[in-house]
Amino acid sequence: MVEWDNILPLESNKSLRHPAERITLTPREVGKLFDDDGTESLPAAAQRSKADSRAEGPMDHDEYSDLDDFVVDDDGAGYVAKRKDENKKSALLTTGTTYGLFINAGASTIVLQPPFQSGATPKRTDRRYLAFNLLGIVSSIDHGTHSTVSVDFHDRGSHRNYYFTDHYNYSMAYLGERGAMYAVESSAGLSKGNDEDKNGTGRNPSVLFYRPYESWTSNSEWLVHLPPGEDVRAIALNEKTAIAATSKDFIRFFSLSGVQTFLFALPGIVTISARGEIALFIYHLGPGLGDSQNFVYLLYNTETHERVQEGRLPVSNKATLAWVGFSETGLPAVYDSAGIISILHRHRHPHHAVWIPVFDAQAVSRQQGKNNDRYWAVGLMGEQLMCVVLKGGAEHPSFPKPIISEVNLQLPLLQMDSDVGKLEEMQVFFIVYTNGFGFWMLF
């Protein structure tokens, strides 16, 4: 038997590489390693790699980043695991995750929609609307040192109109079932109504103010100041609860008597609406998805503090939300800037709810030959959209108080100008009805 002491004399043969030495290959060489013919050997590829690198000059480090996976941690030093951790951190910084799918954050050009309050409008000269819904209208006139807030109800037999002097210059309001809630973000300087610097910051703190429609006691109103650095972003009221979303990603709950009852964290809030014992939260799940906002909705029971329903909220491409609320009978609904109204069907059946488009404003405008008309949503009542018709490219209703118009809802089915299309629409209505939440019963 013959024994060989040194099969590969590395010390004497400098042309041979140490087996543990790392070889740098171009992407072309890596691809040829897996060619079906297998005619080229690894040493030959390595030799040609040196010649190519001298001829082509230095290459970008990114070209070789994928080759790190070929390194094997033979000596157990842990450098492979460390490299994987670094790659994972890098991936998390450049991608977002939604329902198990990785989305490249850099691929979207959509700017995330900031928080907004349905029914509130920007200030125009010295006037603005703080709330505008099926119950009534809250408007504000800025006098410089203070404002005058007026509340006008559509049904004057149910509640009395009123007005009050506003020293905080409220920027948003919500007309609920039992009262109205007002809020404002923090601001520089001290207002007349807040001449005590409670926070020691020289700023007016963000304020929440609740006023019931019927005052049974002398202390039925209440007002709270948020801590320094925390601003109100959106507010809502339902039958028993006042809700405020803040810049700290907090959702704060209050009883209608002003007692703090609960809070939880919800990042990326966009807006809130509420009715009965339910609150509807819309928030960003992450970066935009292509040309769409990445919205998620959450239906939340404010009495039991349980999630009723949650899922992706469909909106039109390159569109934002223009209005979020509930129909006359409590059905969640949204309206985007492209003119699509969708209602949440079977919303009280967990994992069975679907968003049904019931109105396409652009299609209706074309049918009526009024392509420049825009419908500013006030609410849904019966089979109709209650809205303010805006003309001349206006984006918000103006003063004095505009006329509220009624526009029939219409499912965006095909061939709606034919008798067959109308019959098909009736059939869809019937299917929805027989599922327990029929269209004719939704509103």
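In summary, residue 167 fulfils each of the numbered conditions (1) touching a His at 6+ places or on another chain (Cβ under 7 Å); (2) in contact (Cβ under 8 Å) with a residue 60 or more places away in the chain with the single exception of condition (2). Give the residues of segment 312-364 that are without any contact (Cβ under 8 Å) to a residue 12 or more places away in the chain and among the aliphatic types (A, V, I, L, M), sorted by residue number. The answer is 354, and nothing else. All of 274, 236 fail the test of being surrounded by 16 or more Cβ atoms within 10 Å (Cβ to Cβ) and under 19 Å from residue 114 (Cα atoms), apart from 236. Taken over segment 374-397, residues that are part of a loop (DSSP other than H, G, I, E, B) and crowded, with 17+ Cβ neighbours inside 10 Å amount to 1. Among the candidates 186, 147, 118, 140, the residue that is touching a Phe, Trp or Tyr at 6+ places or on another chain (Cβ under 6 Å) and modelled with pLDDT of 90 or more is uniquely 118. Taken over segment 360-393, the residue count meeting the criterion of being hydrophobic (A, V, I, L, M, F, W, C) and more than 15 Å from residue 405 (Cα to Cα) is 1. Where strands (runs of 3 or more DSSP E) sit wholly within segment 245-311, those with at least 3 residues that are without any contact (Cβ under 8 Å) to a residue 60 or more places away in the chain and in the same structural domain as residue 325 (by TED's automatic domain parsing) occupy 250-255, 260-265, 278-284, 295-301. Selection within segment 407-443: residues that are surrounded by 12 or more Cβ atoms within 10 Å (Cβ to Cβ), outside any loop (DSSP other than H, G, I, E, B) and touching a strand residue (DSSP E or B) at 6+ places or on another chain (Cβ under 8 Å). The member of this set that is modelled with the highest pLDDT is 407. Whether any residue in segment 130-141 is out of contact with any strand residue (DSSP E or B) (no Cβ under 6 Å at 6 or more places or on another chain) and free of Cβ contacts under 8 Å to residues at least 24 places away in the same chain is what I want to check. So far as segment 130-141 goes, no, none of its residues is out of contact with any strand residue (DSSP E or B) (no Cβ under 6 Å at 6 or more places or on another chain) and free of Cβ contacts under 8 Å to residues at least 24 places away in the same chain.
Annotation: of all residues in segment 241-293 being among the acidic types (Asp, Glu) and within 15 Å of the chain's Cα centre (by Cα), the one that is farthest from residue 226 (Cα to Cα) is 291.
The residue of segment 219-244 that is modelled with the lowest pLDDT, among those that are more than 20 Å from residue 131 (Cα to Cα) and not in a strand (DSSP E or B), is 219. Within segment 398-406, one or more residues are among the basic types (Lys, Arg), modelled with pLDDT of 80 or more and exposed (fewer than 15 other Cβ atoms within 10 Å of the Cβ).
The values are calculated or read from the model by the stated rules, or taken from the named source; none is laboratory data. Not measured: the values here are computed from a predicted model. A quick note on method: Cβ atoms are made from the backbone with ideal geometry, for glycine too, and the neighbour counts reach across all protein chains shown.
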